[in-house]
Structure formats: structure tokens, C-alpha cells
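Notes for the one structure printed next.
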Amino acid sequence: MTFPATAAPTADRDRLPVMDILRGFALFGIFLMNIEFFTRTLQSYSGGVTPSEGWDHAFGLAIYVAVQGKFWVLFALLFGMGFALMRDRALATGRPFFGMYLRRTLLLALFGVLHIAFVWVGDILLAYAITALLLMMFAWLRGTAAWVVGALVYLGMAGLWLLMGVGLMFMPDSMMEPVRAEMMGLVAEAERAAAVYREGSFVEITGQRLSDFQFLATGALPFQVPMMLGVFLIGSWLVGSGRLADPVAHRGFFVKLAVGGLALGALGVAASVALGTQFDLVDGFAEATAAMGLMSLGNLPLALGYLALVVLLATGPLRGAFGVLAPAGRMALTNYLMQSVVGTLVFYGYGLGLWGEVGRSGQVGIVLVVFAAQVAFSHWWLARFRFGPMEWLWRAGTYLQWPPMRRVAGA
């Protein structure tokens, strides 16, 4: 069954290769960050770097400083770019956009819900889908207005996070007692959750995942969704400007973005690190909150700096090396979900049960092996098929028809 010309997935010739490379790069960084939380409770997230020594401490600190919080922002930039491309191509061909986009978004939400319920609670897909629905309200924003509004929304939420931490730091001890009591309960819940993930059956761990999602939904999503919305808008502006369609012609812009983004981001991260990298969640909760706020302020410019640096290298001296990542980026949804399945089977009680047994350096080794296998598999798969398995399913639901899967020999 074929698609009508006015409602078809993007053809290979119409793709922006640098976006696929960026997705592959982001996928690697997300796995570096996420793997720890297949063997560490989400309740301990604000505690910073896990106490350790030697190489485990070195890798943990490096990932905390250079990776944590940066790569979901990079992926969100790419999501905003995808939104703008779909919108603009629909307008250019005169085909309806919002119905198609709504189906695409609701399917992503369904994937996220199933991911949370049956695989891993740290899912980002549901948050992306919720934010994507809000993004439809801002589809009219173009040009400078898109990135200005996006930056203000993101930085405003990150600044609020910082102000909350500073306010807690100067709060009288008597007023901090309820906060300490709540954090003591959180620490106890973290210990209980760790025991379930380490030793529990699939049913028990599924119950714990759903409980943990309630914690995330009330604690993290109210901050994360508005920040994502801001990043989506910046991404839509970036691709709408035409710079990613011809990055070589806009090399000067990407040089400035790389230098400025990395410098500003480093300032925010350095300020966060100055407050500490390891926190007691009961007595150091205020400092931890302020540190996370400062880190968030640095994450956006640093992610933009990473994006610009990869664009420069992937269209310049390291074109071949970075091009290897493109197939993995084209199958980003499939590979992201595969990473979760591998993580749970390695660390959870119903798998190998290695929860808490593998240090940060060992985790990095797992990431390198698994991601290398994913890159190789993506090359093999896309030599034979037009889409990754989950990408194919996503497109089928978006366009309400089954897209051709196999490549035609000689095409």
C-alpha cells in the first residue's frame, strides 16, 4: 500500500543529514546519563554524584558535569526542529497539519505510558508528548519571537528552581523541620524502592515503577514540561532559520554558538559545582536544590554549544566519523527503547539482578558496548529497511496507512 503524495513520511532525499547525526550523538549522551538510574533510585537524583572512589568517582563526576541535564535538552531541541519541519512542509504542500501532528503526539504518549508501565520509569517520551501538545498553541511563533519566548520560558523555570533553593538556604531552622521530615521519608522510600528493584519480581517492580511515576509526576514534570516547551521553541526557530539545511554556509553562526554556548554553559555548571557535587538529602536539600537550579541555567547554553560543535565537526574535518552515527539517529526511538530494555534486564531483579553492583566506570563500559552494537545494528537494518521498527509503527499511526518497509533492490 502506498501513500498519497500529500501525506507521506519524509523521503530519504529530503532529510537533513546533520539532524540524524545529532540524534545519534544525543542518544549516546542520554544512555550515559540514564544507565545510572537503572541501578539508582530516582528519589536520590538530587543527591548529586554517587559516593565512590577512583575511576568510578572520576566517571561519575565527569558525567554529572558534562552530561547530566544537557542531552535531554539537546534531544528536545531536535524535537522542536522536527515539529517545525513537519509544520512548514505541510504548509508548503497544502496538506492538513494539526490532525496528523495530533496523532503523532498521542502515539508518542502511548509509547511513553507503555514504557513507564512495563520497562522503565525514567521515560522521557510521555513528557515530550505532553509538551508537544502545548507546543501546538505556539505554532504561530516564527523567527526571533520563537527563540526569545523559548529562552524566557526555560530560563524563567530554571531561575525559579534556583530561587527556591536559595530561599530554603535562608529559611529559619524551625521552618525547615517539615522539609527535613519529608526528605527523611523520601530517603526511606528510596531504600525500600532499591530493595524492590534489586530483588523483586516483574510484578513487584512494575508496582514500584508506577509508584515512582507518581513521585515524578508531582515533583519533576511541573518544572520539566515548561522547560521542554522553551527548548522546543528554540529548536523550531533554529531549523526554521535555514541554518541546519546548509550548515556550511552558516559556519560563522555555528562557531559563535559553539564558543558562546560552551562558555556560558560552563559558567552555570561551575557555579553549581561550587555549591557541591554530593548532597545529604535531609540536611543539604536546600543546597542541592540551588545547585540543580544553577546546573539547569547552564544546561541550555551548553547543549546549544554541543549542538554547534557537532555540526561544525560533522560538516568539516570529522564528517566521516560523525556520519557513522546517522543511522542510529534515524532509529532514535527504537534505540532509546532498546537501551531501556537492556538496562532493566542487566540490573533489575527479574534480569541479572546487578542493581548496585556495577560502578560508574563499569556502567560506561556497558554503554560503549551496547551503543556500538546499536550503531552496527542500525547500519545493517537501514541497509534493508526504510525505517526502524518503532519508527515504522509511529509513521503508520501518524499517516493512517502502512508505509513501505523494505527497500527496493537497486533503488
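Our note on the geometry: Cα centres of segment 350-405 and segment 237-273, 28 Å apart.
Applying Stokes-Einstein at 25 °C and 0.890 mPa s to the Kirkwood radius of segment 306-411, computed over alpha-carbon pairs, gives a translational diffusion coefficient of 153 µm² s⁻¹.
Read phi for every residue in segment 105-122 and hand back ³J(HN,Hα) as whole Hz from Karplus 6.51 cos²θ - 1.76 cosθ + 1.60, θ = phi - 60°, with x for Gly and Pro. Coupling constants for segment 105-122: 6, 5, 5, 4, 4, 4, 4, x, 4, 5, 4, 5, 5, 10, 10, 8, 6, x Hz. Here the 3J(HN,Hα) profile of segment 286-292, calculated from phi with Karplus coefficients 6.51, -1.76 and 1.60 at θ = phi - 60°, is 4, 5, 4, 5, 5, 5, 5 Hz, Gly and Pro shown as x. Under a 5 Å amide H cut-off, with hydrogens placed 1.01 Å from N, Phe385 pairs with Arg407 among residues at least 5 apart or on other chains. P(r) tail, segment 12-399: Cα-Cα pairs separated by more than 39 Å, 14% of all pairs. Under the criterion of Cα pairs below 8 Å and six or more residues apart, the relative contact order for the chain equals 32 percent. The label point for Leu114 and the one for Glu182, both projected 7 Å from the Cα toward the Cβ, are 3.6 nm apart. Shown here are the Rg and Dmax of the Cα trace of segment 176-330, at 20.7, 58 Å.
Our analysis of segment 31-93 gives Rg over Rh at 1.23, with the two radii drawn from alpha carbon positions and Rh computed by the Kirkwood formula. Annotation: amide H-H contacts under 5 Å for Gln278 (H modelled 1.01 Å from N, sequence separation of 5 or more, or interchain): Val49. Across segment 190-198, coupling constants 3J(HN,Hα) worked out from phi with the 6.51/-1.76/1.60 Karplus curve, θ = phi - 60°, read 4, 5, 5, 4, 4, 5, 5, 5, 6 Hz, and Gly and Pro carry x.
Rounded to 0.05, the FRET efficiency of the Glu204 and Arg89 pair, given R0 = 60 Å and the Cβ-Cβ distance, is 0.80.
One quarter of the convex hull surface, Cα atoms only: what value does that give for segment 125-248 in nm²? Don't skip to the answer; put the middle values down first.
Values: hull surface 46.3 nm².
That works out to 11.6 nm², a quarter of the Cα hull's surface.
Counting neighbouring Cβ atoms within 10 Å and putting the fewest first, the residues Arg406, Arg251, Arg104 line up as Arg406, Arg251, Arg104.
Each value in this text was obtained by applying a stated rule to the coordinates, not by laboratory testing. Fair warning: this is a prediction, and the values are worked out from it, not measured in the lab. So basically every Cβ, Gly included, is an ideal-geometry build from the backbone, and we count neighbours across all protein chains shown.
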